Structures are given as structure tokens and as C-alpha cells.
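Peer 1: Next up is a structure, given as C-alpha cells.
The values are calculated or read from the model by the stated rules, or taken from the named source; none is laboratory data. Only a predicted model underlies this, so the values are computations on that prediction, with no experimental measurement involved. Here the Cβ positions follow ideal geometry from the backbone for every residue, glycine too, while neighbour counts run over all protein chains shown.
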């Protein structure tokens, strides 16, 4: 399974990805604009700042030890391999 999450402006060192059971949790923090600009000086801000947490229920069990995450250009991609027991089984059928 793959999960893609848009996270523009988030520093990679603030991102945490964890899997417990069949729940994927993504947490991070988007910091304010650097410099001397105060929040009151903004007329409009399209993106919120601060900490965030998202919990996503997964449709099947995943192997928690082999989960991989990649963050490139504001896109977080999480690869979640299914457990062996969650994969469909295939059996050959003998016709007579």
C-alpha cells in the first residue's frame, strides 16, 4: 500500500511516521515564516502553521518493521508492505 500526503513547507526533521496495528500516524510541524515579519502583518495566509497529527485507518495489516517513508519537495510518500497473512492466497485447481 502507498500513502501520499501533501506537506509543503514542513521541515523533514519535524516529521514522524508510525504504524501501530492498522493505524498510520503522521505528525509534524510547519514553522512560521523566518524573519522579522509578525503574524499581524499578514493580510492573508493560505497555509496554516503549527503542529499537526493525522491518523489514517489502513484497510489491512501491514508489516510494521518494513514501512518506508520518503519526503521530497513537500510530498510525503509512505510505503506499507502487507503482512504475509493479509496477502490473498492463491491455490491451483485440478480439473478432472
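One line per residue, one yes/no per condition, for (1) over 20 Å from residue 9 (Cα atoms); (2) modelled with pLDDT under 85:
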{"position": "31", "(1), (2)": "no, yes"}
{"position": "72", "(1), (2)": "no, no"}
{"position": "91", "(1), (2)": "yes, yes"}
{"position": "94", "(1), (2)": "yes, yes"}
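Peer 1: Suppose we filter the stretch 46-82 for residues that are farther than 13 Å from residue 3 by Cα, surrounded by 13 or more Cβ atoms within 10 Å (Cβ to Cβ) and touching a helix residue (DSSP H, G or I) at 6+ places or on another chain (Cβ under 9 Å); how many remain?
Peer 2: Qualifying residue count, the stretch 46-82: 1.
Peer 1: Among the residues of the stretch 1-33, which ones are touching a helix residue (DSSP H, G or I) at 6+ places or on another chain (Cβ under 9 Å) and within 12 Å of residue 76 (Cβ to Cβ)?
Peer 2: Across the stretch 1-33, the qualifying residues are 27, 28.
Peer 1: On to the next question. Looking for something surrounded by 12 or more Cβ atoms within 10 Å (Cβ to Cβ), in contact (Cβ under 8 Å) with a residue 60 or more places away in the chain and within 16 Å of residue 83 (Cα to Cα) - is there at least one such residue anywhere in the stretch 20-38?
Peer 2: The answer is no, given that none of the residues of the stretch 20-38 is surrounded by 12 or more Cβ atoms within 10 Å (Cβ to Cβ), in contact (Cβ under 8 Å) with a residue 60 or more places away in the chain and within 16 Å of residue 83 (Cα to Cα).
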